[in-house]
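First up is the structure itself, then whatever we jot down about it.
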């Protein structure tokens, strides 16, 4: 089945390549042709763990088509693998636009892969939904770009502000910041340092470390020497594991009230089940957790369908972090198309600027550069984890929302050592 | 001038003329995006082959030279607003200096050590870029390229033409090296370094010249890259894929003459570009791996060699 | 007081990490150092070994037991790889370095993709009772997560070295690279000796894989980050000096740990190569190699 689909894709792509001028010429008469949605996804390479987002796109497409399509036209996804490399992105998007004649574009994952496509969509004046790129549109300021992710305005600095709000409420005066030398972590740490300064905290330790560092004992000792009351960590999955283990092995001062912040990894099933109880007490950012304040029938329905597919494909069986927002991206595009009754980029963008949209992740309104008007990054505390069973994370109470206040389901338990032992 | 050189010159003029005309004839920008990547690899493969093919010294660090070119040109453009040709020139000079340094450190010993040292060059340069805040480190650096001149219809077409000029210049340089005294000397080095040394060939100096030229071409290949992606970051600038392709393309095409890397790069890079937008899965990389093994096993001389042999047979 | 504390801990961590690096480099020390086959697929084979250990660990085996079980299949895998390598290059009367490098590069790509197709791209790790706790000796805190894998290296290296220097077939392996013809005169088949050596080298990959997955989680492409470091170790030790590689690996480990502690961890990837370039410039035959 899969090979046949790939074969069809190959035939379609070849045909499209040969017939490109014809397709471009006939775009005007395309009323009953499918609406094409183009995206590049990282199926291979270092960002391959984000490929579960594709399930979100596909579920959305199936739902829309089952309901009769958009404006009476079927929706078709055109998807390419960027191999997690920014070098592949310009050619892929030119293919999507100039050869495949896509009506709507979804950006690649994250800021580094999206950066190469921003000047292109601005110059061609195209409509795009951004996928998890932090501050993705802050330089280009394209008026037809909309984030599906909940980073909120001024996200380069503010997206993890929730952590610092919590620290401030605890009376933290001294903070340590460490980050992996990769795009997302580096920006998180840079923004975090600015917020910490704004709150009058002293940064007693601020270092970055290379990706694939497997031993953090010397860093943890150096942090302990600085005697901080809060530790803000921006890390990637492999180092998140190493840091959590390192803290357990080396130990950390009892003064530390809040620990975590921007660690990638403890959102994914693989890491949650492999570390299990070692994660207790960690305060970390997230985009969705199954707490009563967030759980709705719509999003529950999404995960009920997501999980069996994910298990079959061997990707993250929980899928709380990325996949719902890939579905949201589809919903945003659908709302824009239906609301403006067209696939004209200007009309679609005008609709999204003027109206808020109901999605499985709640109601979303956009500012002039397509950020969510309101930041909705969660700071959750992991608690009461017993054993390595993954299913416990589907229940409320293990990932308690501390921030934002509107979604709060519990208070910070601290200090970290006490929360860790519980 | 020899007949073959006249033919080559005619070819160069035709290719360049096409390069300037094509953007006006072929309207679809996608071909220029994809074509840019193919030409970039023609340059990289050609540059690599000056040292790797002619002298037999394997450079794993093509990505190091390429990345150095990328970052230098991005830095010079964003900080000093240097015009594009000067950025390319500066990158080339920097690549040459880097090549001589590498060569001077390791070439006095066996070739294998050189190969391994070049592996390190990539890591060292990448680490340095990570630690210089002026270059953006891991967050990368946005580069909004110069406005394309009037003779080119758009930025993608302009980048394509620029890359074409660099590629043609590199191939001409490689061809000149091949037929000049340098090429003869390098072939002697490749055949037997000791014998060459004994018969009075200045082997070290020749190898250093080859290092410099190779480094210059590899770095120049990276110079327009910031304007192609509008964004540079260390992971892609120093990507292993570049180092891998730099070796694979000459090997597939044939390492003895300048034609080999050009054929190999045109072929493999086009296949990769097509595979990216058709197969689009892990199988893409699996395919490259399998092709490498197959060529080493069954056609070690590369395509140009197969072709040459067949022609020879047809004649006899 | 505090700084002495940090210094001592950094040195101990460095020794442990270096010892793990030595495990990774051991197989390459045999294939590249002794047989002169530049097997850049070795780090990928180590990752394959780690996945083997992971699979058995899922069924409840201790990683070290799993590695011991893996010795035989990986030995056979190595024998098969060499058989393939030699049939490819025999016809042409010996391989040139470029071709064998490319062959192994292709091979490592194929292995990586097969691993990622088989296991997915998520990180995999093993959970054992001793991971997460540490040994306290005065001011020193030594995590078992590093200590146990670090102890594997000297044991395997000693075993391999004793085998190479004390047994007849071991001596044959060391001889084969230099005097292939003499070996045939002595009635031994050089091809089968090399096959055997390649098998042993590949078998060490599963031990190194166990060490790697105990230290931290792995993914199919993890081998790439190690290529440079393991080559640096083999070359700096002096080609073929197996005990020397342990010393060099520990020197590199300590240097990296000191740089992370006192300078900045983000400089540590460059350390191995800075040492390599310096070493090659000052003493090209390697620290423990005989002068040529």
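The values are calculated or read from the model by the stated rules, or taken from the named source; none is laboratory data. Just so it is clear, the model here is predicted, and its values are computed rather than measured. Using ideal geometry, Cβ is built from the backbone for each residue, glycine included, and neighbour counts are taken over all protein chains shown.
Values computed for the structure shown
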item: Matching helices (runs of 4 or more DSSP H) fully within the range C:159-234 where at least 1 residues are surrounded by 23 or more Cβ atoms within 10 Å (Cβ to Cβ) and within 14 Å of chain A (Cβ to nearest Cβ); result: C:190-215
item: Among the candidates A:328, A:343, residue that is away from chain C (no Cβ under 14 Å) and buried (at least 24 other Cβ atoms within 10 Å of the Cβ); result: A:328
item: Number of the condition not met by residue B:96 [criteria: (1) within 25 Å of residue B:176 (Cα to Cα); (2) surrounded by 24 or more Cβ atoms within 10 Å (Cβ to Cβ); (3) within 17 Å of the chain's Cα centre (by Cα)]; result: (2)
item: Checklist (1) touching a strand residue (DSSP E or B) at 6+ places or on another chain (Cβ under 8 Å); (2) not in a strand (DSSP E or B) applied to residue A:248, failing item; result: (1)
item: Set A:185, A:84: member being assigned to a loop (DSSP other than H, G, I, E, B), surrounded by 21 or more Cβ atoms within 10 Å (Cβ to Cβ) and at the interface with chain B (Cβ under 9 Å from one of its Cβ atoms); result: A:84
item: Some residue of the range B:57-65 being within 15 Å of the chain's Cα centre (by Cα) and farther than 28 Å from residue B:181 by Cα; result: yes
item: Single residue of B:238, B:231 found to be more than 20 Å from the chain's Cα centre (by Cα), surrounded by 24 or more Cβ atoms within 10 Å (Cβ to Cβ) and within 29 Å of residue B:119 (Cβ to Cβ); result: B:231
item: Any chance residue B:164 is under 30 Å from residue A:122 (Cα atoms) and in a loop (DSSP other than H, G, I, E, B); result: no
item: Candidates B:86, B:39 - the one that is closer than 22 Å to residue B:170 by Cα and surrounded by fewer than 24 Cβ atoms within 10 Å (Cβ to Cβ); result: B:86
item: Options A:115, A:101: the member that is facing chain B (nearest Cβ under 9 Å) and either in a helix (DSSP H, G or I) or more than 25 Å from residue A:155 (Cα to Cα) (or both); result: A:115
item: Residue among A:115, A:91, A:167 that is outside the structural domain of residue A:342 (by TED's automatic domain parsing) and buried (at least 24 other Cβ atoms within 10 Å of the Cβ); result: A:167
item: Residue that is within 14 Å of chain B (Cβ to nearest Cβ) and under 30 Å from residue A:218 (Cβ atoms), where the choices are C:121, C:116, C:129; result: C:121
item: Conditions (1) in contact with a strand residue (DSSP E or B) (Cβ under 9 Å, 6 or more places away or on another chain); (2) farther than 21 Å from residue A:335 by Cα; (3) assigned to a loop (DSSP other than H, G, I, E, B): number failed by residue A:92; result: (3)
item: Candidates A:245, A:161 - the one that is more than 9 Å from chain C (Cβ to nearest Cβ) and buried (at least 23 other Cβ atoms within 10 Å of the Cβ); result: A:161
item: Of residues in the range B:125-146 being free of Cβ contacts under 8 Å to residues at least 12 places away in the same chain and either at the interface with another protein chain (Cβ under 7 Å from one of its Cβ atoms) or under 25 Å from residue C:229 (Cα atoms) (or both), the one surrounded by the fewest Cβ atoms within 10 Å (Cβ to Cβ); result: B:132
item: Wholly within the range C:1-92, helices (runs of 4 or more DSSP H) carrying at least 1 residues that are under 30 Å from residue C:139 (Cα atoms); result: C:2-28, C:63-90
item: Near pairs, Cβ below 7 angstrom, 6+ apart or cross-chain, from the range B:288-302 (at the interface with chain C (Cβ under 7 Å from one of its Cβ atoms)) to any residue that is at pLDDT below 80 and in a helix (DSSP H, G or I); result: B:292/C:102; B:296/C:99; B:296/C:102; B:300/C:99
item: Unique match (being touching a residue at least 24 places away in the same chain (Cβ under 8 Å) and out of contact with any helix residue (DSSP H, G or I) (no Cβ under 7 Å at 6 or more places or on another chain)) among C:51, C:104; result: C:104
item: From the options A:385, A:369, residue that is modelled with pLDDT under 95, surrounded by 15 or more Cβ atoms within 10 Å (Cβ to Cβ) and either in a helix (DSSP H, G or I) or touching a helix residue (DSSP H, G or I) at 6+ places or on another chain (Cβ under 6 Å) (or both); result: A:385
item: Residue list for the range A:133-180, restricted to those being at pLDDT 90 or above and within 13 Å of residue A:114 (Cβ to Cβ); result: A:142, A:145, A:146, A:147, A:148, A:149, A:151
item: Subset of the range A:388-418 (residues that are more than 14 Å from every other protein chain (Cβ to nearest Cβ), under 24 Å from the mean Cα position of the chain (by Cα) and in a helix (DSSP H, G or I)); result: A:391, A:392, A:393, A:394, A:405, A:406, A:407
item: Residue list for the range C:263-280, filter: part of a helix (DSSP H, G or I) and without any contact (Cβ under 8 Å) to a residue 12 or more places away in the chain; result: C:263, C:265, C:266, C:267, C:269, C:270, C:274, C:277, C:278
item: Residue A:304 more than 14 Å from chain C (Cβ to nearest Cβ), closer than 30 Å to residue C:135 by Cα and surrounded by fewer than 23 Cβ atoms within 10 Å (Cβ to Cβ); result: no
item: Residue C:135 vs. criteria in contact with a helix residue (DSSP H, G or I) (Cβ under 6 Å, 6 or more places away or on another chain), within 14 Å of chain A (Cβ to nearest Cβ) and under 27 Å from residue C:65 (Cβ atoms); result: no
item: Within the range A:254-308, tally of residues that are part of a loop (DSSP other than H, G, I, E, B) and touching a residue at least 40 places away in the same chain (Cβ under 8 Å); result: 21
